[in-house]
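Heads up: the structure comes next, in structure tokens.
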Amino acid sequence: MFENLTDRLSKTLQNLRGQGRLTEDNIRDSLREVRMALLEADVALPVVKEFIEAVRVKALGQDVISSLSPGQALIKVVNDELVSIMGESQSVIDLNRKSPVVVLMAGLQGAGKTTTAAKLARRLREVEKKTVMVASADVYRPAAIEQLKTLAAEVGVEFHPSSNQQKPVTIAREAVSAAIRSSVDVLILDTAGRLAIDEQMMDEIRAVHDAVDPAETLFVVDSMTGQDAANTAKAFNDALPLSGVVLTKIDGDARGGAALSVRHITGKPIKFIGSGEKTDALEAFHPDRIASRILGMGDILSLVEQAQENVDHQKAERLARKVKKGRGFDLEDLRDQFTQMENMGGLGNLIDKLPGMGAGVSQAMQNPQHTRQMKRMVAIIDSMTPMERRKPEVINGSRKRRVAQGSGTQIQDVNRLLKQHKQMQRMMKKMGSKGGMANMMRGMKGRLPPGGMPF
């Protein structure tokens, strides 16, 4: 996420880190680089101008100039201003209304409204412990209603049936009545999108909005459209009383222009960011955490929250006890790690949130090839007997041929997995020793472990 921007800003600010003192000259030179980085990230020009001026004024202030480590002090100023333009604090869904709380999803076609509706429904059910119903008033896009029905079953929420023969306003009113009868806490109403903004579309969604009086009207927008996303959000905000924005496809956005422009241009907070197509790939938007990720400082809090939601804690505790006691890290353990990693959004998502890993490492790990390789490794382990997983040393040539044939891979793939497993075993032994984790992380210095990642 935002790899290009992170890379440019990190390099620019790194040059200042070692400066004994800051002067108008080196601040001006650095801010010129920051300005170019923001413009290349497709951040809206008014946002860039305001940001650079705010940083310049504060950077030349007494607190930074007289600081014992002025480079670090300037980085804090940049961090604070990034937080400021993205909205200061997290903005949450307003659920303090009489049930059912209606959430209206708006946006252009292709932005991911229907998938986001399902993701939000899952989040409200699992995190907020709410009962949820979803309904589709998209009577134009083929199979839109069926798509939401399928997703509703997948995330375990109620679905209100509708037909493309009905009027959107009729569907909306009937959905509210059904939600009242079912006594659900939240009704999420998906609406039709268009390929571009037009008056007919705006009239229709205004009519739907007036019919249901939603507590939240969320504008769903593709983050990869950069500052166009912010401009489109403004056009919708002029027509509808938006309460917030959801940025989708954030995992494919190497620039970050939308995230840095939306709040300034619309005055509306970003409430969620979506990454990937899985229904659990929706995160609350925390401006301070995103600023930290943009500056290459990671996002440990979000990583911890993800782990709490997705990791099998019993298996994790068993592995921790094994490592602490110096017992072998076997292939069954490795398979569990692959599964847990996949549940947390894949390796690229985890690396993105680790401090000091660098944009290059994060970008390399986003490659879809790594996901395919991980699945191949799981298939190889699945083709082994329980004894082979627990004692990889017994796997001889004939066993390797059988495992390769059973998993649809080559013997070289099996050999590669066994070699990587040995390397991970050594890493785990170091972690189990006194001060092992700290020593290992110091040795890595933000790089990948020797031999690369285990696939």
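Where a number appears in this text, it was derived from the coordinates with a stated rule and is not lab data. Computed from a predicted model, the values in this text were never measured in an experiment. With ideal geometry, Cβ positions are generated from the backbone for all residues, glycine too; neighbour counts draw on all protein chains shown.
Give a residue-ordered list of calculated ³J(HN,Hα) values for the stretch 110-117 (Karplus: 6.51 cos²θ - 1.76 cosθ + 1.60, θ = phi - 60°; whole Hz; x for Gly, Pro).
Per-residue couplings from phi come out as x, 6, x, 4, 5, 4, 5, 4 Hz.
Taking 7 Å along the Cα-to-C-beta vector as the label spot, tell me the Asp25-Asp382 distance in nanometres, rounded to one decimal.
About 6.4 nm separates the two model spin labels.
Using 7 Å Cα-to-Cβ label points, what is the Leu45/Lys278 separation (nm, one decimal)?
According to this spin-label approximation, the distance is 4.2 nm.
Given labels modelled 7 Å from the Cα in the Cβ direction, how far is it in nm from Arg206 to Val92?
3.4 nm
Go through Lys119/Lys149; Lys58/Lys249; Lys249/Lys271; Lys76/Lys271; Lys58/Lys234 and tell me which ones have a Cα-Cα distance over 22 Å in this structure. Spell out each step's value before the answer.
Numbers: Lys119/Lys149 13 Å; Lys58/Lys249 34 Å; Lys249/Lys271 14 Å; Lys76/Lys271 24 Å; Lys58/Lys234 29 Å.
In this structure, Lys58/Lys249; Lys76/Lys271; Lys58/Lys234 lie more than 22 Å apart at Cα.
Once you have the Kirkwood Rh of the stretch 101-284 from its Cα pairs, apply Stokes-Einstein at 20 °C and 1.002 mPa s and quote D in µm²/s.
Details: Rh = 16.1 Å.
Value of D from the Cα-based Kirkwood radius: 133 µm²/s.
What is the calculated FRET efficiency for Leu60 to Asp228, with r their C-beta to C-beta distance and R₀ = 30 Å, to the nearest 0.05? Intermediate results must be reported in sequence, preceding the final value.
On the way: r = 34 Å, r/R0 = 1.13.
E between Leu60 and Asp228, to the nearest 0.05, is 0.30.
To the nearest 0.05, what FRET efficiency results for Asn164 and Val394 with a Förster distance of 51 Å applied to their C-beta separation? Intermediate values should be presented prior to the final figure.
On the way: r = 60 Å, r/R0 = 1.18.
With a Förster radius of 51 Å, E is 0.25.
Taking 0.36 nm per residue of sequence separation and subtracting the Cα-Cα distance, how much length would be gained by fully extending the chain between Asn415 and Glu53, in nm to one decimal? Please list the in-between numbers first.
Numbers: separation 362, 0.36 × 362 = 130.32 nm, distance 5.66 nm.
Contour length minus the Cα-Cα distance gives 124.7 nm.
What are the residues whose amide H is under 5 Å from the amide H of Thr248, where those residues sit 5 or more places off or on another chain and H is modelled from the backbone?
Val221, Asp222, Ser223, Gly274
Evaluate the stretch 89-146: find the radius of gyration of its Cα atoms, find its Kirkwood radius, and give the ratio Rg to Rh.
Working: Rg = 12.7 Å, Rh = 12.9 Å.
Rg/Rh: 0.98.
Please list, in order along the stretch 262-269, the HN-Hα scalar couplings obtained from phi with the Karplus expression 6.51 cos²θ - 1.76 cosθ + 1.60 (θ = phi - 60°), rounded to whole Hz, x for Gly and Pro.
Rounded to whole hertz, the list is 4, 4, 5, 6, 9, x, 10, x.
With r defined as the distance between the Cβ atoms of Met36 and Lys422 and R0 fixed at 45 Å, what FRET efficiency is calculated, to the nearest 0.05?
Values: r = 46 Å, r/R0 = 1.02.
According to the calculation, E is roughly 0.50.
Along the stretch 226-240, what does the Karplus equation 6.51 cos²θ - 1.76 cosθ + 1.60 (θ = phi - 60°) give for ³J(HN,Hα), rounded to whole Hz, x for Gly and Pro?
Ordered by residue, 3J(HN,Hα) equals x, 5, 4, 4, 5, 5, 5, 4, 5, 4, 5, 5, 5, 9, 10 Hz.
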